[in-house]
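The values are calculated or read from the model by the stated rules, or taken from the named source; none is laboratory data. Owing to the predicted nature of the structure, the values given are computational and were not obtained by experimental measurement. SASA here: full protein model, heavy atoms, side chains in, ligands and nucleic acids out. Shrake-Rupley method; radii C 1.70, N 1.55, O 1.52, S 1.80 Å.
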Amino acid sequence: NCDEYHIFVQVWLINSKGKFLVQERSKYVKDPLVWCSNGGNVKAGEDSFDCARREILEELNLDIKELEGSLFDQRIYKEDGQNYFCDSYLYTFDGKLRDIKFQKEEIRRIKYMKMKKIKRLMNKKKFFIYDEDYLDFLENEAKKKTK
């Protein structure tokens, strides 16, 4: 139904070197073997922060309540005959990859990446596509971390 909206969240984790913790999706999920930030759909009874927290707990076994960060963007997307409200969060996380117990059913692997590499993968359709101004904001946040 084109009058219905789904609420979706994106959670970006950035380290003090200005690199983003991203995931390559497993071959068993929608959009297999594509890189993306973390996130998912809001369930009934949840607000977007509750969803962001649940998704990061499920996917990476991390609690964003213990990290520094906040909501940085809210957008409406219309694609594939669907309407989405998308809330995006950015949190600072300096953990080591080997210490993260990620969800193997949904995630093939995780990696820290610079925005340049993320944009290169997007151009090859190997990373979810994001709006240019959205990426510029994240890139500026990464630059602040490395000053």
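Treating each Cα of segment 16-97 as an identical point scatterer and ignoring solvent, apply the Debye formula and state log10 I(q)/I(0) at q = 0.16 Å⁻¹.
-0.72
So what's the projected area for segment 73-147, the Cα convex hull averaged over all directions, in nm²?
So the mean shadow area of the Cα hull is 6.6 nm².
Multiply the residue gap between Lys144 and His6 by 0.36 nm, knock off their C-alpha separation, and tell me the result in nm, one decimal place.
Contour length minus the Cα-Cα distance gives 46.4 nm.
Ignoring any ligand, DNA or RNA, what whole percent of the accessible area of the chain comes from carbon and sulfur when the probe is 1.4 angstrom?
Percent of accessible area from carbon and sulfur atoms in the chain: 47.
Ignoring everything except DSSP H segments at least 4 long, calculate the 222 nm mean residue ellipticity for the chain; use -39,500 (n - 2.57) per segment, divide by total residues, nearest 500.
The helix contribution divided over the chain gives -7500 deg cm²/dmol.
Which cross-chain or sequence-distant (5 or more) residues have an amide H under 5 Å from the amide H of Val11, H modelled 1.01 Å from N in plane?
Asn38, Gly39, Tyr89
Keeping every protein chain present and rolling a 1.4 Å probe, give me the accessible area per residue for segment 3-147 in Å².
59
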